[in-house]
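Here it is, the structure in full.
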Amino acid sequence: MHCATSTATDLDLSSMLSEVKPGFCLPQAFYKDERIHGEDIRRIYHKQWLFTGHECQIPKAGDYFTYKIGDDSLIITRDRDGQVQVLHNVCRHRGSAICTTEKGHASKFVCPYHQWVFDHDGALLSARRMPEEFDKKKFGLKRAHVGLIEGLIFINLSETPPDFTPIQRDFSGFIKPHGLTRAKIAVVHNYDTQANWKLVVENSRECYHCHFGHPEYSALMLSRQNDKQHTEECIALHQDRNEHYKRMDLRMEVGVGANYHISRYPFAVPGAVSESEDRKLVAPIMGTFSNADAGVLGGFHFPNFMIEASSDHLITFRYDAVSAKRTSIQVTWYVREDAVEGHDYDLARLTWFWKTTGEQDWKLAEDNQAGVNSTFYEPGPYAPEEIGAASMLTDWYVEQLRS
(Lines give C-alpha, C1' and ligand atoms only; values in the text may rest on other atoms or scores of the structure.)
Protein backbone atom coordinates (compact mmCIF):
# COMPACT_ATOMS: atom_id res chain seq x y z
CA MET A 1 0.00 0.00 0.00
CA HIS A 2 1.13 3.56 -0.62
CA CYS A 3 1.00 5.50 2.66
CA ALA A 4 0.29 8.90 1.20
CA THR A 5 -0.53 10.39 4.60
CA SER A 6 2.64 9.21 6.32
CA THR A 7 5.40 11.78 6.71
CA ALA A 8 8.90 11.78 8.06
CA THR A 9 7.58 13.81 11.03
CA ASP A 10 4.90 11.20 11.82
CA LEU A 11 7.62 8.57 11.88
CA ASP A 12 10.32 10.71 13.51
CA LEU A 13 12.49 9.29 10.75
CA SER A 14 15.50 11.43 11.65
CA SER A 15 15.58 9.93 15.13
CA MET A 16 15.17 6.40 13.74
CA LEU A 17 17.98 6.92 11.23
CA SER A 18 20.26 8.19 13.98
CA GLU A 19 20.00 4.75 15.57
CA VAL A 20 21.53 3.04 12.51
CA LYS A 21 25.05 1.90 13.40
CA PRO A 22 27.74 1.87 10.66
CA GLY A 23 28.53 -1.72 9.71
CA PHE A 24 25.30 -3.05 11.24
CA CYS A 25 21.97 -4.21 9.84
CA LEU A 26 18.99 -1.87 10.07
CA PRO A 27 16.68 -1.55 13.08
CA GLN A 28 13.56 -3.70 12.93
CA ALA A 29 11.10 -1.03 11.82
CA PHE A 30 12.91 -0.58 8.50
CA TYR A 31 12.05 -4.19 7.62
CA LYS A 32 8.44 -4.43 8.87
CA ASP A 33 6.78 -1.03 9.41
CA GLU A 34 4.17 -0.19 6.76
CA ARG A 35 4.73 3.53 7.29
CA ILE A 36 8.40 3.12 6.42
CA HIS A 37 7.36 1.04 3.43
CA GLY A 38 5.39 4.10 2.32
CA GLU A 39 8.52 6.22 2.68
CA ASP A 40 10.50 3.63 0.70
CA ILE A 41 8.03 3.99 -2.15
CA ARG A 42 7.99 7.79 -1.95
CA ARG A 43 11.70 8.43 -1.39
CA ILE A 44 13.28 5.57 -3.34
CA TYR A 45 10.98 3.86 -5.84
CA HIS A 46 9.49 7.20 -6.91
CA LYS A 47 12.91 8.83 -7.24
CA GLN A 48 15.24 6.18 -8.69
CA TRP A 49 15.45 4.63 -12.15
CA LEU A 50 13.43 1.40 -12.12
CA PHE A 51 13.82 -1.59 -14.43
CA THR A 52 10.51 -2.64 -15.99
CA GLY A 53 11.15 -4.99 -18.92
CA HIS A 54 12.54 -5.33 -22.44
CA GLU A 55 11.68 -3.73 -25.78
CA CYS A 56 10.97 -7.14 -27.32
CA GLN A 57 7.78 -7.16 -25.21
CA ILE A 58 6.44 -4.27 -27.33
CA PRO A 59 7.62 -4.95 -30.90
CA LYS A 60 4.81 -3.00 -32.66
CA ALA A 61 3.12 0.36 -32.15
CA GLY A 62 0.29 -0.10 -29.68
CA ASP A 63 1.80 -3.15 -27.97
CA TYR A 64 1.97 -2.54 -24.23
CA PHE A 65 2.59 -4.00 -20.81
CA THR A 66 1.81 -2.46 -17.45
CA TYR A 67 4.10 -1.95 -14.47
CA LYS A 68 2.84 -1.27 -10.95
CA ILE A 69 4.71 0.16 -8.00
CA GLY A 70 2.85 1.24 -4.88
CA ASP A 71 -0.45 2.73 -5.99
CA ASP A 72 0.94 3.78 -9.36
CA SER A 73 0.35 1.91 -12.60
CA LEU A 74 2.32 2.70 -15.76
CA ILE A 75 1.68 1.76 -19.38
CA ILE A 76 4.90 0.91 -21.24
CA THR A 77 4.15 1.07 -24.96
CA ARG A 78 5.58 1.88 -28.38
CA ASP A 79 4.27 4.87 -30.33
CA ARG A 80 3.73 5.25 -34.07
CA ASP A 81 7.29 6.58 -34.51
CA GLY A 82 8.75 3.48 -32.88
CA GLN A 83 9.67 5.28 -29.64
CA VAL A 84 9.14 3.71 -26.21
CA GLN A 85 6.63 5.72 -24.18
CA VAL A 86 5.82 5.43 -20.46
CA LEU A 87 2.33 6.73 -19.63
CA HIS A 88 0.59 6.97 -16.29
CA ASN A 89 -2.37 4.58 -16.38
CA VAL A 90 -4.76 7.29 -15.16
CA CYS A 91 -7.44 8.83 -17.37
CA ARG A 92 -7.33 12.63 -17.34
CA HIS A 93 -11.13 12.77 -17.02
CA ARG A 94 -12.20 11.02 -13.80
CA GLY A 95 -8.99 9.08 -13.12
CA SER A 96 -10.03 5.59 -14.16
CA ALA A 97 -7.37 3.03 -15.01
CA ILE A 98 -7.21 2.73 -18.80
CA CYS A 99 -5.34 -0.55 -19.34
CA THR A 100 -6.83 -3.18 -17.04
CA THR A 101 -4.79 -6.14 -18.33
CA GLU A 102 -1.09 -6.79 -17.75
CA LYS A 103 -0.24 -6.77 -21.47
CA GLY A 104 -1.85 -6.52 -24.86
CA HIS A 105 -2.26 -4.43 -28.01
CA ALA A 106 -4.37 -1.31 -28.50
CA SER A 107 -4.85 0.62 -31.75
CA LYS A 108 -5.65 3.50 -29.37
CA PHE A 109 -5.97 3.63 -25.61
CA VAL A 110 -9.66 3.98 -24.69
CA CYS A 111 -10.75 4.65 -21.13
CA PRO A 112 -13.33 1.95 -20.24
CA TYR A 113 -15.34 4.39 -18.10
CA HIS A 114 -16.33 7.26 -20.43
CA GLN A 115 -14.44 6.33 -23.61
CA TRP A 116 -11.93 9.14 -23.75
CA VAL A 117 -9.41 8.11 -26.43
CA PHE A 118 -5.63 8.58 -26.19
CA ASP A 119 -2.87 8.01 -28.73
CA HIS A 120 0.19 5.85 -27.99
CA ASP A 121 2.20 8.95 -27.05
CA GLY A 122 -0.49 9.94 -24.53
CA ALA A 123 -2.13 12.69 -26.61
CA LEU A 124 -5.89 13.01 -26.07
CA LEU A 125 -7.59 12.32 -29.40
CA SER A 126 -11.24 12.35 -28.42
CA ALA A 127 -13.30 13.39 -25.41
CA ARG A 128 -16.90 12.64 -26.34
CA ARG A 129 -19.54 15.32 -25.86
CA MET A 130 -17.22 17.76 -24.09
CA PRO A 131 -17.87 21.53 -24.68
CA GLU A 132 -16.61 23.14 -27.88
CA GLU A 133 -14.06 25.26 -25.99
CA PHE A 134 -12.53 22.17 -24.32
CA ASP A 135 -8.77 22.05 -25.10
CA LYS A 136 -7.71 18.45 -25.67
CA LYS A 137 -4.02 19.44 -25.70
CA LYS A 138 -4.16 20.12 -21.96
CA PHE A 139 -5.48 16.69 -21.02
CA GLY A 140 -3.09 14.13 -22.49
CA LEU A 141 -1.91 11.26 -20.32
CA LYS A 142 0.89 12.16 -17.95
CA ARG A 143 4.26 10.69 -18.89
CA ALA A 144 7.15 9.27 -16.94
CA HIS A 145 10.80 9.46 -17.98
CA VAL A 146 12.25 6.53 -19.95
CA GLY A 147 15.82 5.29 -20.33
CA LEU A 148 17.04 2.43 -22.52
CA ILE A 149 20.06 0.16 -22.12
CA GLU A 150 20.51 -2.30 -24.98
CA GLY A 151 16.76 -2.97 -25.11
CA LEU A 152 16.23 -2.92 -21.33
CA ILE A 153 13.57 -0.37 -20.31
CA PHE A 154 14.06 1.80 -17.22
CA ILE A 155 11.58 4.41 -16.03
CA ASN A 156 11.64 7.27 -13.54
CA LEU A 157 8.59 8.81 -11.85
CA SER A 158 10.19 11.97 -10.45
CA GLU A 159 9.97 15.41 -12.03
CA THR A 160 13.76 15.70 -12.19
CA PRO A 161 15.35 12.24 -12.38
CA PRO A 162 18.96 11.44 -11.49
CA ASP A 163 21.37 11.48 -14.43
CA PHE A 164 20.89 8.22 -16.34
CA THR A 165 24.07 8.68 -18.40
CA PRO A 166 26.55 6.90 -16.05
CA ILE A 167 24.56 3.68 -15.70
CA GLN A 168 23.67 3.75 -19.41
CA ARG A 169 27.34 4.14 -20.34
CA ASP A 170 28.70 1.50 -17.97
CA PHE A 171 25.99 -1.13 -18.50
CA SER A 172 25.93 -0.72 -22.29
CA GLY A 173 29.67 -1.29 -22.51
CA PHE A 174 29.33 -4.68 -20.81
CA ILE A 175 25.98 -5.81 -22.24
CA LYS A 176 26.39 -4.83 -25.91
CA PRO A 177 28.44 -7.92 -27.00
CA HIS A 178 25.60 -10.14 -25.71
CA GLY A 179 23.28 -8.89 -28.47
CA LEU A 180 20.42 -8.16 -26.10
CA THR A 181 18.75 -5.85 -28.63
CA ARG A 182 18.40 -8.92 -30.87
CA ALA A 183 17.16 -11.26 -28.14
CA LYS A 184 13.80 -12.75 -27.25
CA ILE A 185 12.28 -13.80 -23.96
CA ALA A 186 12.35 -17.56 -23.50
CA VAL A 187 10.40 -17.66 -20.23
CA VAL A 188 9.38 -15.52 -17.24
CA HIS A 189 8.99 -16.75 -13.65
CA ASN A 190 7.17 -14.61 -11.07
CA TYR A 191 7.58 -15.04 -7.32
CA ASP A 192 5.59 -13.52 -4.45
CA THR A 193 8.19 -13.48 -1.69
CA GLN A 194 7.20 -12.85 1.93
CA ALA A 195 10.13 -10.63 2.81
CA ASN A 196 10.99 -6.94 2.78
CA TRP A 197 12.59 -5.79 -0.48
CA LYS A 198 15.77 -4.72 1.33
CA LEU A 199 16.29 -8.23 2.74
CA VAL A 200 15.78 -9.70 -0.74
CA VAL A 201 18.15 -7.28 -2.49
CA GLU A 202 20.71 -7.37 0.32
CA ASN A 203 20.82 -11.16 0.06
CA SER A 204 21.63 -10.89 -3.65
CA ARG A 205 24.61 -8.65 -2.92
CA GLU A 206 26.61 -10.84 -0.53
CA CYS A 207 28.05 -14.31 -0.79
CA TYR A 208 28.82 -14.89 2.88
CA HIS A 209 25.95 -17.39 2.72
CA CYS A 210 26.80 -18.95 -0.63
CA HIS A 211 28.94 -21.95 0.30
CA PHE A 212 26.18 -23.32 2.52
CA GLY A 213 23.09 -21.74 0.96
CA HIS A 214 23.97 -22.36 -2.70
CA PRO A 215 25.97 -25.58 -3.20
CA GLU A 216 25.19 -25.62 -6.94
CA TYR A 217 26.20 -21.98 -7.42
CA SER A 218 29.33 -22.40 -5.29
CA ALA A 219 30.52 -25.45 -7.22
CA LEU A 220 30.60 -23.40 -10.43
CA MET A 221 31.36 -19.88 -9.28
CA LEU A 222 33.43 -19.97 -6.07
CA SER A 223 36.77 -21.33 -4.91
CA ARG A 224 36.68 -23.86 -2.07
CA GLN A 225 36.88 -22.33 1.39
CA ASN A 226 40.15 -22.68 3.33
CA ASP A 227 41.81 -24.46 0.44
CA LYS A 228 45.05 -22.57 -0.30
CA GLN A 229 46.07 -24.66 -3.32
CA HIS A 230 42.67 -24.35 -4.94
CA THR A 231 42.58 -20.59 -4.24
CA GLU A 232 45.97 -20.19 -5.95
CA GLU A 233 44.67 -22.18 -8.92
CA CYS A 234 41.65 -19.90 -9.12
CA ILE A 235 43.84 -16.79 -9.10
CA ALA A 236 45.87 -18.23 -11.99
CA LEU A 237 42.66 -19.15 -13.81
CA HIS A 238 41.30 -15.62 -13.36
CA GLN A 239 44.48 -14.08 -14.76
CA ASP A 240 44.44 -16.40 -17.76
CA ARG A 241 40.74 -15.91 -18.49
CA ASN A 242 40.93 -12.13 -18.08
CA GLU A 243 43.63 -12.01 -20.76
CA HIS A 244 41.37 -14.20 -22.92
CA TYR A 245 38.44 -11.76 -22.48
CA LYS A 246 40.66 -8.83 -23.36
CA ARG A 247 41.64 -10.56 -26.59
CA MET A 248 37.89 -10.88 -27.29
CA ASP A 249 37.62 -7.09 -26.95
CA LEU A 250 35.33 -7.40 -23.95
CA ARG A 251 35.17 -4.60 -21.45
CA MET A 252 36.93 -5.57 -18.23
CA GLU A 253 37.17 -2.47 -16.06
CA VAL A 254 34.45 -2.42 -13.42
CA GLY A 255 31.51 -0.06 -13.87
CA VAL A 256 30.52 1.31 -10.48
CA GLY A 257 28.38 4.10 -9.05
CA ALA A 258 26.70 4.94 -5.76
CA ASN A 259 23.89 2.46 -6.43
CA TYR A 260 25.14 0.21 -9.23
CA HIS A 261 27.96 -2.14 -10.15
CA ILE A 262 28.71 -4.28 -13.21
CA SER A 263 31.67 -6.47 -14.12
CA ARG A 264 32.81 -9.56 -16.00
CA TYR A 265 34.64 -12.44 -14.34
CA PRO A 266 35.59 -16.06 -15.06
CA PHE A 267 33.96 -19.23 -13.86
CA ALA A 268 35.83 -20.93 -11.01
CA VAL A 269 35.87 -24.21 -12.94
CA PRO A 270 38.21 -24.63 -15.94
CA GLY A 271 36.31 -25.39 -19.14
CA ALA A 272 32.95 -24.04 -17.92
CA VAL A 273 31.23 -21.81 -20.49
CA SER A 274 27.69 -21.29 -19.15
CA GLU A 275 25.73 -20.83 -15.93
CA SER A 276 24.17 -24.26 -16.27
CA GLU A 277 24.03 -27.58 -14.47
CA ASP A 278 26.57 -29.31 -16.72
CA ARG A 279 28.59 -26.08 -17.32
CA LYS A 280 28.04 -26.44 -21.07
CA LEU A 281 26.09 -24.23 -23.45
CA VAL A 282 22.32 -24.44 -23.04
CA ALA A 283 21.40 -22.23 -26.04
CA PRO A 284 23.03 -20.80 -29.20
CA ILE A 285 25.79 -18.24 -28.64
CA MET A 286 24.40 -14.71 -28.58
CA GLY A 287 25.57 -11.38 -29.95
CA THR A 288 29.05 -10.93 -31.38
CA PHE A 289 30.84 -13.64 -29.42
CA SER A 290 33.19 -15.80 -31.47
CA ASN A 291 34.11 -17.95 -28.46
CA ALA A 292 31.76 -19.75 -26.08
CA ASP A 293 33.76 -18.70 -23.02
CA ALA A 294 32.83 -15.07 -22.42
CA GLY A 295 32.84 -15.58 -18.67
CA VAL A 296 30.05 -14.27 -16.47
CA LEU A 297 28.53 -10.82 -16.71
CA GLY A 298 27.04 -9.71 -13.40
CA GLY A 299 25.54 -6.39 -12.39
CA PHE A 300 22.90 -4.64 -10.31
CA HIS A 301 21.20 -1.28 -9.93
CA PHE A 302 19.37 -0.34 -6.74
CA PRO A 303 16.58 -0.62 -5.93
CA ASN A 304 15.13 -3.25 -8.29
CA PHE A 305 17.48 -4.60 -10.98
CA MET A 306 20.02 -7.41 -11.30
CA ILE A 307 21.49 -9.01 -14.43
CA GLU A 308 23.48 -12.22 -15.05
CA ALA A 309 24.71 -13.52 -18.40
CA SER A 310 26.84 -16.14 -20.10
CA SER A 311 27.64 -16.20 -23.84
CA ASP A 312 24.47 -18.21 -24.59
CA HIS A 313 21.74 -16.68 -22.41
CA LEU A 314 20.98 -13.73 -20.17
CA ILE A 315 18.81 -13.33 -17.06
CA THR A 316 17.23 -10.22 -15.54
CA PHE A 317 15.80 -9.95 -12.04
CA ARG A 318 13.23 -7.31 -11.06
CA TYR A 319 12.57 -6.71 -7.35
CA ASP A 320 9.49 -4.61 -6.54
CA ALA A 321 8.37 -3.63 -3.05
CA VAL A 322 4.72 -4.62 -2.51
CA SER A 323 4.39 -4.11 1.24
CA ALA A 324 6.66 -3.97 4.27
CA LYS A 325 6.94 -7.77 4.31
CA ARG A 326 6.34 -8.67 0.68
CA THR A 327 8.40 -8.39 -2.51
CA SER A 328 7.41 -9.25 -6.07
CA ILE A 329 10.28 -10.87 -7.96
CA GLN A 330 10.28 -11.34 -11.73
CA VAL A 331 13.01 -13.48 -13.30
CA THR A 332 13.32 -13.41 -17.10
CA TRP A 333 15.50 -15.61 -19.31
CA TYR A 334 16.59 -14.29 -22.74
CA VAL A 335 18.04 -16.19 -25.70
CA ARG A 336 18.98 -15.30 -29.27
CA GLU A 337 15.92 -14.09 -31.22
CA ASP A 338 16.13 -16.91 -33.80
CA ALA A 339 16.56 -19.70 -31.23
CA VAL A 340 13.79 -22.30 -31.30
CA GLU A 341 12.55 -23.94 -28.10
CA GLY A 342 12.83 -27.71 -28.24
CA HIS A 343 15.43 -27.51 -30.99
CA ASP A 344 18.02 -24.94 -29.92
CA TYR A 345 17.29 -24.90 -26.20
CA ASP A 346 15.40 -26.81 -23.56
CA LEU A 347 13.63 -24.72 -20.92
CA ALA A 348 14.52 -27.05 -18.05
CA ARG A 349 18.26 -26.88 -18.88
CA LEU A 350 18.09 -23.15 -19.60
CA THR A 351 16.45 -22.22 -16.30
CA TRP A 352 17.91 -24.82 -13.92
CA PHE A 353 20.86 -22.84 -12.56
CA TRP A 354 19.14 -19.57 -11.65
CA LYS A 355 15.79 -21.15 -10.81
CA THR A 356 17.61 -23.30 -8.27
CA THR A 357 19.79 -20.47 -6.93
CA GLY A 358 17.00 -17.88 -6.96
CA GLU A 359 14.50 -20.03 -5.12
CA GLN A 360 17.12 -20.82 -2.49
CA ASP A 361 17.60 -17.06 -2.05
CA TRP A 362 13.89 -16.31 -1.75
CA LYS A 363 13.60 -18.96 1.00
CA LEU A 364 16.61 -17.49 2.83
CA ALA A 365 15.05 -14.02 2.63
CA GLU A 366 11.73 -15.30 3.99
CA ASP A 367 13.53 -17.04 6.86
CA ASN A 368 15.42 -13.78 7.49
CA GLN A 369 12.12 -11.86 7.62
CA ALA A 370 10.61 -14.38 10.04
CA GLY A 371 13.49 -13.81 12.44
CA VAL A 372 13.52 -10.03 12.01
CA ASN A 373 9.81 -9.99 12.94
CA SER A 374 10.64 -11.30 16.41
CA THR A 375 10.37 -8.96 19.41
CA PHE A 376 13.87 -10.16 20.32
CA TYR A 377 15.50 -9.06 17.05
CA GLU A 378 18.24 -6.45 17.23
CA PRO A 379 20.62 -5.39 14.43
CA GLY A 380 23.78 -7.46 14.18
CA PRO A 381 27.15 -6.59 12.61
CA TYR A 382 27.98 -7.39 9.00
CA ALA A 383 30.75 -9.94 8.53
CA PRO A 384 33.91 -8.79 6.68
CA GLU A 385 32.73 -10.67 3.57
CA GLU A 386 29.52 -8.61 3.59
CA ILE A 387 31.14 -5.19 3.87
CA GLY A 388 31.00 -3.48 0.49
CA ALA A 389 28.28 -5.87 -0.69
CA ALA A 390 25.22 -6.12 1.54
CA SER A 391 26.27 -3.03 3.51
CA MET A 392 26.45 -1.09 0.22
CA LEU A 393 22.65 -1.30 0.04
CA THR A 394 22.20 -0.29 3.68
CA ASP A 395 24.55 2.71 3.40
CA TRP A 396 22.92 3.88 0.16
CA TYR A 397 19.42 3.33 1.51
CA VAL A 398 20.07 5.36 4.67
CA GLU A 399 21.52 8.18 2.58
CA GLN A 400 18.39 8.26 0.40
CA LEU A 401 16.12 8.53 3.41
CA ARG A 402 18.28 11.26 4.94
CA SER A 403 18.25 13.31 1.74
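The values are calculated or read from the model by the stated rules, or taken from the named source; none is laboratory data. The structure displayed is predicted, hence computed values, not measured ones. Positions of Cβ are generated from backbone atoms using ideal geometry, with glycine treated the same way; all protein chains shown enter the neighbour counts.
Which of the residues belonging to the stretch 330-348 are of a type in the set (D, E, K, R) and either surrounded by 15 or more Cβ atoms within 10 Å (Cβ to Cβ) or touching an Asp or Glu at 6+ places or on another chain (Cβ under 9 Å) (or both)?
Hits for the stretch 330-348 are Arg336, Asp338, Asp344.
Going by what's in this entry, would Lys198 be described as at pLDDT 95 or above, outside any loop (DSSP other than H, G, I, E, B) and surrounded by fewer than 19 Cβ atoms within 10 Å (Cβ to Cβ)?
no
Can you tell me which residue in the stretch 361-395 is nearest to Phe300 (Cα to Cα), limited to those that are hydroxyl-bearing (Ser, Thr, Tyr) and in a loop (DSSP other than H, G, I, E, B)?
Tyr382
Scan the helices (runs of 4 or more DSSP H) fully inside the stretch 13-64 and keep the ones with 1 or more residues being within 24 Å of the chain's Cα centre (by Cα) and acidic (Asp, Glu).
The helices (runs of 4 or more DSSP H) meeting that bar are 34-40.
Which of the residues belonging to the stretch 58-104 are in contact with a Pro (Cβ under 9 Å, 6 or more places away or on another chain), aliphatic (A, V, I, L, M) and touching a residue at least 40 places away in the same chain (Cβ under 8 Å)?
Answer for the stretch 58-104, where residues must be in contact with a Pro (Cβ under 9 Å, 6 or more places away or on another chain), aliphatic (A, V, I, L, M) and touching a residue at least 40 places away in the same chain (Cβ under 8 Å): just Ile98.
From the list Glu150, Glu159, which one is among the acidic types (Asp, Glu), within 16 Å of Ile315 (Cα to Cα) and either outside the structural domain of Tyr260 (by TED's automatic domain parsing) or more than 16 Å from the chain's Cα centre (by Cα) (or both)?
Residue meeting the stated conditions: Glu150.
If I ask for residues that are within 30 Å of Arg182 (Cα to Cα), of a type outside the set (Val, Ile, Thr) and in a loop (DSSP other than H, G, I, E, B), which ones from the stretch 101-122 would you list?
Of everything in the stretch 101-122, those that are within 30 Å of Arg182 (Cα to Cα), of a type outside the set (Val, Ile, Thr) and in a loop (DSSP other than H, G, I, E, B) turn out to be Glu102, Ala106, Ser107, Lys108, Asp119, His120, Asp121, Gly122.
Can you name every residue in the stretch 342-359 that is of a type in the set (Ser, Thr, Tyr) and either part of a strand (DSSP E or B) or more than 20 Å from the chain's Cα centre (by Cα) (or both)?
Of everything in the stretch 342-359, just one residue is of a type in the set (Ser, Thr, Tyr) and either part of a strand (DSSP E or B) or more than 20 Å from the chain's Cα centre (by Cα) (or both), namely Tyr345.
I want to confirm something. Restricting to the stretch 262-297 and keeping residues that are closer than 16 Å to Lys176 by Cβ and of a type in the set (Gly, Ala, Ser), which single residue is surrounded by the fewest Cβ atoms within 10 Å (Cβ to Cβ)?
Step by step, filter the stretch 262-297, then rank; the result is Ser290.
Something else: Looking at Gly271, Gly299, which is the one that is small (Gly, Ala, Ser), modelled with pLDDT of 90 or more and assigned to a strand (DSSP E or B)?
Going through Gly271, Gly299 in turn, the sole match is Gly299.
If only one of Thr351, Thr316, Thr327 is crowded, with 23+ Cβ neighbours inside 10 Å and farther than 16 Å from Ala272 by Cβ, which one is it?
So the residue among Thr351, Thr316, Thr327 that is crowded, with 23+ Cβ neighbours inside 10 Å and farther than 16 Å from Ala272 by Cβ is Thr327.
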